[in-house]
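Peer 1: Pasting a structure here, questions to come.
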Amino acid sequence: MIEQAQRAEVVRVARKWIGTPYVSNAMVLGAGVDCAMLLVAVYRECGMIPEDLDPRPYPPQWHLHQNEETYLNVVDRFAQAISGPPGPGDVVLFRVGRLFAHGAIVTEWPTVVHARAPGKCWEEDVSRDSFGKHALWRLEQRYFSHWR
């Protein structure tokens with residue numbers, strides 16, 4: 001029962017960020033957030049990661065200029081990789097180009113809360129994503145869970 005309550009709390013906190021504009025490196029509810037800092041803000045508020053975890057600063061298109069799986073490595077420190085399907089409150093990372101560079105919080109798979117440029121933080125069914133060759137459902141995905 002504790003796990004269900006924790007998962008519900010992660011989803012509730014993630015949904016608070018819906019409508020926040022996308023701003024690289026930002027983590028201010030209602031003013032700006034990116035996908036990485038959304039994960040930090042939500043899991044920090046839920047007490048699931050250290051208060052001092054802060055991967056900033058990073059360039060807006062950091063994944064185009066390096067080969068190290070920075071995002072993947074940070075998530076892997078605080079959650080276990082799972083084979084899927086992810087449950088509410090789990091994390092999904094998407095490979096953008098050569099690196100895992102976009103993250104989202106699962107509400108009910110394949111629906112997630114995420115922040116994506118250009119735009120804002122929103123909740124969407126990624127299986128219906130229509131960004132052409134950049135559609136998230138077409139990209140390689142990895143799932144992570146705090147509970148499994």
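Peer 1: Checking Ala117 against (1) surrounded by fewer than 16 Cβ atoms within 10 Å (Cβ to Cβ); (2) in a strand (DSSP E or B), only one condition comes out false. Which one?
Peer 2: The single condition Ala117 does not satisfy is (2).
Peer 1: Looking at Val42, Val11, can you tell me which residue is of a type outside the set (Gly, Ala, Ser), in a helix (DSSP H, G or I), within 24 Å of Arg128 (Cβ to Cβ) and touching a helix residue (DSSP H, G or I) at 6+ places or on another chain (Cβ under 6 Å)?
Peer 2: Numbers: Val11 fails: touching a helix residue (DSSP H, G or I) at 6+ places or on another chain (Cβ under 6 Å).
Just one listed residue meets the conditions, Val42.
Peer 1: Moving to a separate point now. So how many residues does segment 99-113 have that are of a type outside the set (Gly, Ala, Ser) and closer than 12 Å to Tyr71 by Cα? Let's see the steps before the verdict.
Peer 2: Quick first cut of segment 99-113, residues of a type outside the set (Gly, Ala, Ser) only: 99-100, 102, 105-113.
Next, only the ones that are closer than 12 Å to Tyr71 by Cα stay: 99-100, 102.
So the answer is 3.
Peer 1: Return the residues of segment 90-114 that are part of a loop (DSSP other than H, G, I, E, B) and within 23 Å of Ser24 (Cα to Cα); say none if nothing qualifies.
Peer 2: Going residue by residue through segment 90-114, those that are part of a loop (DSSP other than H, G, I, E, B) are 90, 97-98, 109-110.
Those that are part of a loop (DSSP other than H, G, I, E, B) and within 23 Å of Ser24 (Cα to Cα): Asp90, Gly97, Arg98.
Peer 1: Further question on the same structure: Quickly run through segment 14-36 and pick out the residues that are touching a helix residue (DSSP H, G or I) at 6+ places or on another chain (Cβ under 9 Å) and part of a helix (DSSP H, G or I).
Peer 2: Ala14, Lys16, Cys35, Ala36
Peer 1: Among the residues of segment 1-57 satisfying the criterion of being of a type in the set (Lys, Arg) and at pLDDT 95 or above, which is farthest from Arg148 (Cα to Cα)?
Peer 2: Restricting attention to segment 1-57, the residues satisfying the condition of being of a type in the set (Lys, Arg) are 7, 12, 15-16, 44, 56.
Among the residues that remain, those that are also at pLDDT 95 or above are: 7, 12, 15-16, 44.
Working: Arg7: 12, Arg12: 20, Arg15: 23, Lys16: 25, Arg44: 19 Å.
My answer is Lys16.
Peer 1: Please name all residue pairs, on different chains or six or more residues apart, with Cβ atoms under 8 Å, provided the first residue is in segment 111-122 and is within 10 Å of Ala14 (Cβ to Cβ) and modelled with pLDDT of 95 or more and the second residue is part of a strand (DSSP E or B) and among the β-branched types (Val, Ile, Thr).
Peer 2: Note: pairs meeting the criteria are Val112/Val92; Val112/Ile105; Val112/Val106; Val113/Ile105; Val113/Thr107; His114/Ile105; Cys121/Val33; Cys121/Val113.
The values are calculated or read from the model by the stated rules, or taken from the named source; none is laboratory data. The model shown is predicted, which means the values in this text are computed figures rather than measured ones. Glycine also receives a Cβ, built like all others from the backbone with ideal geometry; neighbour counts cover every protein chain displayed.
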